[in-house]
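Below is one structure; the comments refer to it alone.
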Amino acid sequence: MVLNRWRDEDAKKFVDAAGSDPADQELALRVYTSRLIGQDHDLVLHGGGNTSCKLVRKDLFGNDVEVLHVKGSGWDLETIEAAGLPAVAIEPLKELRSLDVLSDEDMVNAQRRNLLDSTSPNPSVETLLHAYLPHTYVDHTHATAMLALADLPEVEAVVEEIFGDRIVVVPFIMPGFELAKAAADIFDQNPNVEGLLLKQHGHFAFGKSAKQSYDLIIEHTNMVEKWLENKSGKLPKRSSPPSPDMLQKATEILPMLRGIIGDASAKFSGNRDQAMPVMDIRAGENVQEFLERSDLASLATRGVATPDHVIRTKNHPLYITRDILAGGREALINAVDDFVANYTAYFERNAARFAPGEKTLLMPTPNLAWIEGVGAVGISANAKAASTASDLAEQGILAMTNGEDCGGFYPVSEEKLFDMEYWSLEQAKLGKGAPPKFQGKIVMITGGGGAIGLATAKAFAALGANIFLVDLEQSALDAGLKALGSFHAGMALDITDKGAAEKATQACVKQFGGLDILVSNAGAAWTGEMAALDDADLRKSFELNFFAHQTFAKAAAHIFEQQGRGGQILFNVSKQAVNPGKGFGAYGIPKAATFFLLKQLALELGPKGVQVNGINADRIRSGLLDDDFIAERSKARGIDEDTYMAGNLLRREVEAHHVGDAFVMLASSPRTTAHVMTVDGGNIEASLR
Ligand SMILES: [Zn+2]
């Protein structure tokens with residue numbers, strides 16, 4: 001059941017905030033109900049769906065212009081603002097209806113040149129459909145229940161059974177001019193309907209007011225849900241927390257699968273160092289139950305619930321049965337190879353309908369996997385895209401289950417899906433703008449909530465990496481994750497505990513599917529001259545400043561091995577490792593061991609393509625060198641704090657972000673290993689050979 005979330009008091013707040021212009025107030029209500037729709041993921045997901053309203057605005061001469069405010073591309077209904085509903089002069093759009101054909105490029109251009117504000121985003125590709133319906137407010141969703149209905153083989157009969165003549169069915173046509181014309185013609189023949197059901201696509205409803213149109217969206221959707229429930233005798237299962245069992249199995253499978261898909265992508269792109277994809281697993285009860293269906297093999301070849309999904313998930317999932325899983329790495333490689341071959345054949349079959357060279361084959365690797373007993377896995381260039389693919393996959397699962405149990409799930413044909421996936425407007429975007437340098441890279445950082453750890457995380461994240469922070473303190477971790485924003489994750493734990501490294505790397509795999517770079521950064525100093533040092537302090541320091549580096553390196557190397565595509569380990573060593581400071585033995589000695597560990601690992605992991613490098617930094621403001629300590633040290637030396645902090649060859653303070661940037665630099669050097677870079681402003685005694 002989809003809730004009607006309209007609240008008069010909330011609506012009033014939107015109107016009040018819009019100022020005195022009645023048109024702005026109408027638009028504010030449009031924003032309000034667009035958000036209500038966007039907030040309900042059973043109605044729309046990830047930019048799917050769109051809304052509009054028709055208003056009168058003044059031009060520069062004070063003349064009235066009838067405009068259509070319609071969702072602009074790049075905006076999401078969930079968070080839309082007035083600026084996300086650009087105004088287009090409606091008359092010129094109506095004139096277009098007399099044309100027999102209009103290319104997508106010409107349509108986009110006509111929409112753009114009739115914008116009231118030339119800086120607005122592109123109006124939706126469904127703009128003309130909104131323009132040709134006479135109602136003031138028009139709402140369009142890809143509601144899950146509506147998709148189940150839209151993909152039924154007997155959709156017309158069922159729509160009549162549920163709605164009588166309240167809703168009329170529009171045959172499937174790709175979004176754009178042709179669909180707008182066809183839908184408008186059908187509406188003109190049925191001018192009293194409250195909505196349209198676009199076959200194999202979605203739902204439209206409309207009304208005089210924002211509330212009326214929204215109410216209909218909810219009412220229609222609930223009528224369909226009820227019908228589906230009665231017909232199947234089941235309540236639909238929605239996304240739920242993952243089963244720990246399935247997640248555990250995923251930690252064994254995902255890194256291997258990630259590496260195999262990485263190999264296939266590298267082969268396709270011709271770039272040996274091609275990034276591997278990032279993954280997002282869903283393993284709730286809904287997915288678990290779905291993956292046990294006896295008709296899963298058949299459903300895996302049917303297609304997607306609404307053509308929009310194809311851009312994110314491709315036409316079919318990579319279907320991994322228990323038999324394939326039992327066959328291990330070889331069987332998985334074969335499954336991925338088969339997927340690539342099938343996808344390439346699908347491309348060639350359909351591209352043949354176009355001029356030679358008109359269509360460019362996209363990366364032929366899977367964007368979604370159904371893994372029996374493990375989960376549904378979104379696979380994409382970064383965590384955000386992978387999560388989108390998974391969200392759509394879960395919606396698809398619900399639509400498929402409902403549809404298949406109520407008459408059949410029959411989405412659009414392969415040809416039509418191809419036309420959507422290889423749409424000229426989408427193809428035109430290809431090759432424009434290189435992806436961020438660290439896109440697809442999963443970076444784990446210990447001590448991630450501290451000054452250097454977080455600065456390093458930010459430096460990697462700014463270049464597109466997805467970060468997994470590890471920190472002792474939950475509060476530092478939370479603050480770090482908040483600073484990084486969405487699509488990063490982390491875990492609070494004591495890295496010196498037994499099994500901590502495995503726990504952290506497994507959590508990272510569950511989150512993102514694997515690991516590319518470990519920044520083994522956490523450290524702390526115990527002080528005291530060696531002759532007087534408590535053995536227990538030295539042991540504690542060794543646990544953190546040496547053994548934790550070793551256990552995390554070992555756990556990371558294990559994931560790298562499963563992936564089979566190299567990896568990187570970066571240590572935060574210390575100038576103390578080569579240049580002892582009085583009273584810092586307890587810190588410097590384990591760091592010296594870590595320095596040697598770096599070389600040992602570089603030697604042993606090199607043949608597997610794993611690079612091992614490190615940073616020797618010194619005198620950075622951090623938890624280790626806090627304000628009190630700085631005050632004490634500078635006083636002891638009889639100099640002011642700034643001079644103390646800049647006490648190096650360059651006479652410049654070294655800051656945490658300099659260390660972060662240096663880690664990024666090392667990670668950017670694909671043919672460098674066993675190297676330690678100094679980031680200390682210059683210290684000749686601590687300089688390396
Ligand atoms: Zn649509």
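The values are calculated or read from the model by the stated rules, or taken from the named source; none is laboratory data. Computed from a predicted structure; not experimentally measured. Reconstructed Cβ throughout: ideal geometry from the backbone, glycine too, with neighbour counts over all protein chains shown. Keep in mind that these areas ignore ligands, DNA and RNA; they rest on the heavy atoms of the full protein, side chains included. Shrake-Rupley method; radii C 1.70, N 1.55, O 1.52, S 1.80 Å.
Comparing Val287, Leu299, Gly270 along the charge dipole axis of the range 242-323, the residue lying farthest to the positive side is Gly270, per the Cβ-charge model.
Nonpolar atom fraction for the range 129-213, defined as the carbon and sulfur part of the 1.4 Å probe accessible area, stands at 47 percent. Bridging of Lys234 to lysines at a Cα separation below 16 Å is possible for Lys226, once same-chain residues fewer than 8 apart are set aside. Accessible area ranking (1.4 Å probe, heavy atoms, ligands and nucleic acids excluded), largest first, for Leu472, Leu29: Leu472, Leu29. Of Ala617, Phe629, Gly606, whose Cα points farthest to the positive end of the dipole of the range 605-651 (charges on the beta-carbon: +1 Lys, Arg; -1 Asp, Glu; origin at the Cα centre)? Checked the options; the winner is Gly606. Residue-normalised convex hull volume from the C-alpha trace of the range 373-472: 141 Å³ per residue.
To the nearest 20 debye, what is the magnitude of the charge dipole of the chain about its Cα centre, counting +1 on the Cβ of each Lys and Arg and -1 on the Cβ of each Asp and Glu? Let's see the in-between values first.
Details: 67 positive and 91 negative charges, 425 e Å.
Computed charge dipole of the chain: roughly 2040 debye.
Stick to the Cα atoms of the range 56-205, pair each with every other, and give me the Kirkwood hydrodynamic radius in Å at one decimal. Could you put the intermediate results ahead of the total?
Values: mean 1/r = 0.0616 Å⁻¹.
One decimal place: 16.2 Å for the Kirkwood radius.
As an equivalent ellipsoid, the range 124-163 spans semi-axes of 24, 13, 9 angstrom, where each value is the square root of five times an eigenvalue of the C-alpha gyration tensor, largest first. Per-peptide packing, taken as the mean over residues of other Cβ atoms within 10 Å, places 451-457, 96-102, 504-510, 665-671 in the sequence 451-457, 504-510, 665-671, 96-102 from highest down. Against the chain, whose longest principal axis comes from its Cα atoms, helix 548-563 is set at around 40 degrees. Under Stokes-Einstein, with the Kirkwood radius over Cα pairs standing in for Rh, what whole-number D in µm²/s applies to the chain at 10 °C and 1.306 mPa s? In µm²/s, the coefficient rounds to 57.
What ranking do 439-445, 359-365 get when scored by the average of other Cβ atoms within 10 Å per residue, highest first? It would help to have the intermediate numbers written out before the result.
Numbers: 439-445: 26.4, 359-365: 17.0.
Sorting 439-445, 359-365 by mean packing, highest first, produces 439-445, 359-365.
Straight Cα distances below 20 angstrom link Lys608 to the lysines Lys267, Lys441, Lys554, Lys599, with same-chain residues fewer than 8 positions distant left out. Overall, the range 265-376 carries a charge dipole of about 380 debye about its Cα centre when +1 sits on the Cβ of Lys and Arg and -1 on the Cβ of Asp and Glu, all other atoms neutral. Do the alpha carbons of any pairs in Lys359/Lys432; Lys384/Lys482; Lys437/Lys498 sit beyond 25 Å of each other, and which pairs? Listed pairs above 25 Å: Lys437/Lys498.
Note on the range 633-689 and the range 62-85: Cα centroid distance 51 Å, given to the nearest whole angstrom.
Taking only the alpha carbons of the range 1-144, we obtain Rg and Dmax values of 15.2, 49 Å in that order. Put the Cα centre of the range 213-228 next to the Cα centre of the range 122-198 and the gap is 14 Å.
Among Lys249, Lys554, the order of accessible area from largest down is Lys554, Lys249, computed with a 1.4 Å probe on protein heavy atoms. For the range 551-689, the alpha carbon convex hull comes to 117 Å³ per residue, rounded to a whole number.
Taken over the range 650-689, the convex hull of the Cα atoms encloses 76 Å³ per residue.
Please work out the Kirkwood hydrodynamic radius for the range 1-73, using every pair of different C-alpha atoms, and report it in angstroms with one decimal place. Before the final figure, lay out the partial values.
Numbers: mean 1/r = 0.0732 Å⁻¹.
This gives a value of 13.7 Å.
Probing with 1.4 Å while keeping every protein chain in the model, the per residue accessible area of the chain equals 43 Å². The lysines within cross-link reach of Lys94, meaning a Cα-to-Cα straight distance under 26 Å and a gap of 8 or more places when in the same chain, are Lys54, Lys58, Lys71, Lys181, Lys199, Lys208, Lys211. Taking the square roots of 5 times each eigenvalue of the Cα gyration tensor of the range 500-605, largest first, gives ellipsoid semi-axes of 29, 14, 9 Å. Take every DSSP beta bridge whose two residues both sit in the chain; close to 50 percent of them are antiparallel.
Here the peptides 110-116, 396-402 are ranked by packing, the mean other Cβ count within 10 Å, and the order with the highest first is 396-402, 110-116. The dipole here belongs to the range 346-492: it is taken about the Cα centre, uses +1 on the Cβ of Lys and Arg and -1 on the Cβ of Asp and Glu, and is about 740 debye.
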